[in-house]
Amino acid sequence: FRSPPLLRSRSATSWTIPAVAAAPGRNGAVFSSDVFLGAPPGVSDSAIPVDLTYRPRDGGLPVTVTTPILPGTTRVLSDVLNRAFPASTPGSGALEIRSGIGIQVLAVTRSDSEAGPASQDVVSIRGGDEITNASPAAFVGVAEFGEARSNLVLVNEGPATTVDLRMFSEGGVFGGRVSVDLGAGEIKQLDSFLLLDAPSPQALVTSGTLLVIPAPGGRVVASVARIDNRTNDPVGIAPVPIPKAATIP
């Protein structure tokens, strides 16, 4: 389920982290997010300014701060919301990262509860790699049963759109289609999204797949976490781009 390794050839000047947090959550967990910024060597003779824009999930105004990174180094921004955006906490949302020089970005969200510490990789999406109607994405390994649940975050990086969610279990299509309306710039979290259109309240999925397909013109970034109900330990699931022709009608 882990995010794929970062490749130097995948550096970019813009990134979106769809889910960062500094807030309490379910089962007494307290969440925080760390961001790792990596700059290649030899690209500049001085520190590189990097703009961080926090977009709150509750629809509040975006806030931007600038932080430097030296070429050939990795900078860790621990508990990034509390330290860089203290006036916006507690809260959760998306973090957009912009730089004049191509960098690499990785994010980890941590939780601390009575069950102990836990963490998950949060996939960071390069500008231009958003989910679109021509390039949908699959999240493999989602679950909703006694031992695990799955949450979905959708971040709209384009104009107002509708996102089609299609869910599959081991037995094939699971339930019907779910459509989610997203305004321009809107962020939505769907907890236990597999239950949104389950064929019955008792329906269970131990290992399923979610397809995310925006309407034509839509550009969306998504994050999925599979969470252990006993320990509250989340695992990030990386999106897999799929050809549009491979999706069901």
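The values are calculated or read from the model by the stated rules, or taken from the named source; none is laboratory data. Note that this is a predicted model, so its numbers are computed, not measured. Here Cβ is always computed from backbone atoms with ideal geometry, including for glycine, and neighbour counts include all displayed protein chains. Side chains included, ligands, DNA and RNA excluded: accessible areas come from the protein's heavy atoms. Shrake-Rupley method; radii C 1.70, N 1.55, O 1.52, S 1.80 Å.
Checked against the criterion of being part of a loop (DSSP other than H, G, I, E, B) and either in contact with a helix residue (DSSP H, G or I) (Cβ under 8 Å, 6 or more places away or on another chain) or not aliphatic (A, V, I, L, M) (or both), the candidates Ser135, Ser150 yield just one match: Ser135.
From the list Leu106, Leu95, Leu37, Leu77, pick out the single residue that is within 16 Å of Ile187 (Cβ to Cβ), modelled with pLDDT of 90 or more and not β-branched (Val, Ile, Thr). Being within 16 Å of Ile187 (Cβ to Cβ), modelled with pLDDT of 90 or more and not β-branched (Val, Ile, Thr) holds for just one of Leu106, Leu95, Leu37, Leu77, which is Leu95. How about region 153-204: which of its residues are under 27 Å from Gly25 (Cα atoms), among the aliphatic types (A, V, I, L, M) and part of a loop (DSSP other than H, G, I, E, B)? Matches in region 153-204: Ala184, Leu196, Ala198, Ala203, Leu204.
Taking (1) among the basic types (Lys, Arg); (2) under 15 Å from the mean Cα position of the chain (by Cα); (3) surrounded by 16 or more Cβ atoms within 10 Å (Cβ to Cβ) in turn, Lys188 satisfies each apart from (3).
The condition (being surrounded by 13 or more Cβ atoms within 10 Å (Cβ to Cβ), outside any strand (DSSP E or B) and hydrophobic (A, V, I, L, M, F, W, C)) is satisfied by just one residue among Val65, Val50, Val43: Val43.
The residues listed here are Arg55, Arg26; of these, the one that is open to solvent by 60 Å² or more (accessible area, probe 1.4 Å) and either closer than 22 Å to Val221 by Cα or in contact with a strand residue (DSSP E or B) (Cβ under 9 Å, 6 or more places away or on another chain) (or both) is Arg26. Would you please list the contacts, defined by Cβ atoms under 9 Å and residues six or more apart or on different chains, that run from a residue in region 63-84 that is on the phi > 0 side of the Ramachandran plot to a residue that is open to solvent by less than 50 Å² (accessible area, probe 1.4 Å)? What qualifies is Gly72/Ala39; Gly72/Pro40; Asp79/Ala22; Asp79/Ser32; Asp79/Ser33; Asp79/Asp34. If you go through region 125-164, how many residues are closer than 28 Å to Asp233 by Cβ, among the hydroxyl-bearing types (Ser, Thr, Tyr) and open to solvent by 20 Å² or more (accessible area, probe 1.4 Å)? Residues in region 125-164 being closer than 28 Å to Asp233 by Cβ, among the hydroxyl-bearing types (Ser, Thr, Tyr) and open to solvent by 20 Å² or more (accessible area, probe 1.4 Å): 0 in total.
Gly218 - would you say it is outside any strand (DSSP E or B), surrounded by fewer than 22 Cβ atoms within 10 Å (Cβ to Cβ), out of contact with any Phe, Trp or Tyr (no Cβ under 9 Å at 6 or more places or on another chain) and at pLDDT 95 or above? Against the criterion (outside any strand (DSSP E or B), surrounded by fewer than 22 Cβ atoms within 10 Å (Cβ to Cβ), out of contact with any Phe, Trp or Tyr (no Cβ under 9 Å at 6 or more places or on another chain) and at pLDDT 95 or above), Gly218 qualifies.
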